[in-house]
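Trainee: Once you've had a glance at the structure underneath, I'll fire off some questions.
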Amino acid sequence: MSRLRARCPACGSHTAVAMDRGYECHVCGRTYGAGLVRVPRAWGRGGDAMEEAANLPLSFPETGVVIEASLGEQTLAVASDLPERPVVLGGCCCVHIGAVEGLTARHERVAVLWLDAHGDLNTPESSPSGNPWGMPLRTLIEDGAVAIDDVALIGARDLDPPEEDYIERNGLGLGETGMRRALTGVDGVYVALDWDVLDPEDGLAFFSVPDGLRLDEVEELLREVAERVPVLGFGISGLVPDPANVAKIELLASALGLSPAAERH
């Protein structure tokens, strides 16, 4: 994996070279607003569909595929060679740990917007399932990678009682009010989006939950985010390998200013 050179999705050559915050292919001349990292491993039981979804054909230059034997090794691999402005495609929500750690090593203060039907705030002791994919946001906060005041949980509607207690005790910001607080005074933002934040009518997710946000609502919210602070990266997880999800992912990436390919004039 190298953040300096990537495979161009248009011509298939490894000649997309990092320039400023994006990439330019030296063969076909296309430019891109971000580099793609695929992280297929799903850290829990029965997550095969999420792993397959990490192979969805997004129109961003691919800098690498991270497959490691442990979550700690995965986190280190993602963090250590993250593109300047990454699009990270999982897999499960654990992909965001390495992405956030990599970005906080480069920037003094990073906001994290966590769009998810679930809280991902469990610990090994509180989790009903024991699946690590139910713990990554708690991990980031407890490990000090991000300050809790710089985090907002958006779209959550299926929380475990220990997660509800954690939110209340620690004052974790929720919804758009929490988002605006989290974005105040930061150097930039990483958006972690679990596909189940969407209403099932708008996107097939691994853990679909009724009464989610509509796709146009999420697009509008992300446009507001991009107008407020620099977007440092975008991570997507919790998908199933439905080809219809590709255009929707790219729509949301574009809302954040992370445009897929454009011809060089």
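Trainee: Can you compute the modelled spin-label distance between Cys28 and Glu217, with each label point 7 Å from Cα toward Cβ, in nm?
Mentor: For the pair Cys28/Glu217, the computed spacing is 3.6 nm.
Trainee: So, with +1 on the Cβ of K and R and -1 on the Cβ of D and E, and no other charges, what is the size of the charge dipole of segment 52-154 about its Cα centre, to the nearest 20 debye?
Mentor: Here the size comes out at about 160 debye.
Trainee: Could I ask something else about it? On a C-alpha basis, how far is the centre of segment 89-152 from the centre of segment 215-251 in Å? Whole number, if you could?
Mentor: Value for the Cα centre distance between the two parts: 18 Å.
Trainee: What's the carbon and sulfur percent of the chain's accessible surface, probe 1.4 angstrom, rounded to a whole number?
Mentor: Reported share for carbon and sulfur atoms: 48 percent.
Trainee: Hey, if you put +1 on the Cβ of every Lys and Arg and -1 on every Asp and Glu Cβ in the chain, which of Gly98, Thr63, Val87 ends up farthest toward the positive end of that dipole?
Mentor: Of the options given, the answer is Thr63.
Trainee: To the nearest 20 Debye, how big is the dipole of the chain about its Cα centre, given +1 on the beta carbon of each Lys and Arg and -1 on that of each Asp and Glu?
Mentor: 1100
Trainee: I'd like the antiparallel share, as a percent to the nearest 5, of DSSP beta bridges with both residues in the chain.
Mentor: Bridges in the chain that DSSP calls antiparallel: roughly 25 percent.
Trainee: Long-range amide H contacts for Leu174: which residues qualify at under 5 Å (H placed 1.01 Å from N, peptide plane, sequence gap of 5 or more or a different chain)?
Mentor: Counting only residues 5 or more places away or on other chains, the set is Leu153.
Trainee: Between Leu36 and residues 5 or more places away or on another chain, which pairs have amide H atoms under 5 Å apart, with H built 1.01 Å from N, and which residues are they?
Mentor: Counting only residues 5 or more places away or on other chains, the set is Glu62, Thr63, Val87.
Trainee: Next question, about the same structure. Add +1 for every Lys or Arg and -1 for every Asp or Glu among the other residues with Cβ under 11 Å from the Cβ of Leu76, and state the total.
Mentor: -4
Trainee: Which of Asp187, Asp20, Asp242 ends up with the largest GNM mean-square fluctuation for the chain, with Cα atoms connected below 10 Å?
Mentor: Taking springs between Cα atoms under 10 Å, the residue moving most is Asp20.
Trainee: Okay, next question. Taking GluC sites (Glu not before Pro) as candidate sites, keep only those in a DSSP loop with at most 12 other Cβ atoms within 10 Å, then name the longest stretch of the chain containing none of them.
Mentor: Looking at the chain, 1-107 is the longest stretch - no exposed GluC sites (Glu not before Pro) with at most 12 other Cβ atoms within 10 Å.
Trainee: Which Cys residues of the chain have no other Cys beta carbon under 4.7 Å away?
Mentor: Those would be Cys92, Cys93, Cys94, since no other cysteine Cβ in the chain comes under 4.7 Å of theirs.
Trainee: Which of the listed residues, Ala117, Pro132, Ile236, is farthest toward the dipole's positive end in the chain, when Lys, Arg count +1 and Asp, Glu count -1 at the beta-carbon?
Mentor: With unit charges placed on the Cβ atoms, the residue in question is Ile236.
Trainee: Continuing with the same structure: Work out from phi, with θ = phi - 60° and the Karplus expression 6.51 cos²θ - 1.76 cosθ + 1.60, the ³J(HN,Hα) of each residue of segment 29-43, listed in order in whole Hz, and give x for Gly and Pro.
Mentor: x, 6, 10, 9, x, 6, x, 9, 10, 9, 10, x, 4, 10, 8
Trainee: Tabulate in residue order the Karplus-calculated ³J(HN,Hα) for segment 198-207, using 6.51 cos²θ - 1.76 cosθ + 1.60 with θ = phi - 60°, rounded to whole Hz; enter x for Gly and Pro.
Mentor: 6, 4, x, 5, 9, x, 7, 10, 5, 10
Trainee: Given a 10 angstrom Cα cut-off, can you work out which residue in Arg45, Arg180, Arg138 is the most mobile in a GNM of the chain?
Mentor: Maximum fluctuation in the GNM of the chain, among the listed residues, is at Arg45.
Trainee: Any idea of the accessible area per residue across the chain, 1.4 Å probe, to the nearest Å²?
Mentor: With the other protein chains kept in place, the chain gives 40 Å² per residue.
Trainee: Quick one: putting +1 on the C-beta of Lys and Arg, -1 on the C-beta of Asp and Glu, what dipole do you get for segment 122-234 around its Cα centre, in Debye to the nearest 20?
Mentor: Taking the Cα centre of segment 122-234 as origin, the dipole is about 320 debye.
Trainee: Once you've got the GNM for the chain with C-alpha springs shorter than 10 Å, pick whichever of Thr31, Thr177, Thr75 has the biggest mean-square fluctuation.
Mentor: Judging by the Gaussian network model, the answer is Thr177.
Trainee: Then there's this: State the Kirkwood hydrodynamic radius of the chain in Å, one decimal place, computed from all pairs of distinct Cα atoms.
Mentor: Taking the inverse mean of 1/r over all distinct Cα pairs, the chain comes out at 18.1 Å.
The values are calculated or read from the model by the stated rules, or taken from the named source; none is laboratory data. Here the structure is a predicted model, which is why all the values come from computation and not from measurement. Don't worry about glycine lacking a Cβ; one is built from the backbone with ideal geometry, like all the others, and counts go over all protein chains shown. When the accessible area is computed, the model is the full protein with side chains, heavy atoms only, and any ligands, DNA or RNA have been set aside. Shrake-Rupley method; radii C 1.70, N 1.55, O 1.52, S 1.80 Å.
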